[in-house]
Amino acid sequence: GSAVYSASTSRALAIGSQFNTGMFTANDFGVNYLIQSLPFGGVKESGFGRFAGPEGLRSCCLERSMVVDRIPGVRTSIPGPIDYPMNTKQGMGFGKGLIKLFYGDSLWVKVKGIVDLIRNG
């Protein structure tokens, strides 16, 4: 951890924000050890990771996505224009059509996206 003492709290914060430490205290020492809900830990040779607080709990977890088909018999397939081996011109046209369809900011742009999908599909 680190601590900076100054008559100006904003100056202490400005100096402390430049430190590469796991914890910082302005105008106090060790208070972060007493607040059990704060994450605790160091960086570099002082250690890695965190314990305590939500961050400490997350460091003990492996985050991953798991998907299970909920409808039997329904399979997702990759559309031909973007499947391998891919025809770049056709695939790019198809991809641009998808983007226009899903993210177009007007009905006209969405219609143009559908046209691009039909042309390149």
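Just the residues that are open to solvent by less than 60 Å² (accessible area, probe 1.4 Å) and aliphatic (A, V, I, L, M), please, taken from region 83-110. Residues satisfying the conditions are 98, 101, 109. The residues of region 95-121 that are assigned to a helix (DSSP H, G or I) and within 27 Å of the chain's Cα centre (by Cα), listed by number, are 95, 96, 97, 98, 99, 100, 101, 102, 103. When you check residue 26 against the structure, is it modelled with pLDDT of 80 or more and surrounded by 14 or more Cβ atoms within 10 Å (Cβ to Cβ), yes or no? Answer is yes for this residue.
Does residue 78 satisfy the criteria of being surrounded by 10 or more Cβ atoms within 10 Å (Cβ to Cβ), at pLDDT 75 or above and on the phi < 0 side of the Ramachandran plot?
Numbers: surrounded by 10 or more Cβ atoms within 10 Å (Cβ to Cβ): no; at pLDDT 75 or above: yes; on the phi < 0 side of the Ramachandran plot: yes.
So residue 78 fails the test.
The values are calculated or read from the model by the stated rules, or taken from the named source; none is laboratory data. On a predicted model such as this, the values are computed, not experimentally measured, just so you know. Glycine gets a Cβ as well: all are built from the backbone with ideal geometry, and neighbour counts include every protein chain shown. SASA here: full protein model, heavy atoms, side chains in, ligands and nucleic acids out. Shrake-Rupley method; radii C 1.70, N 1.55, O 1.52, S 1.80 Å.
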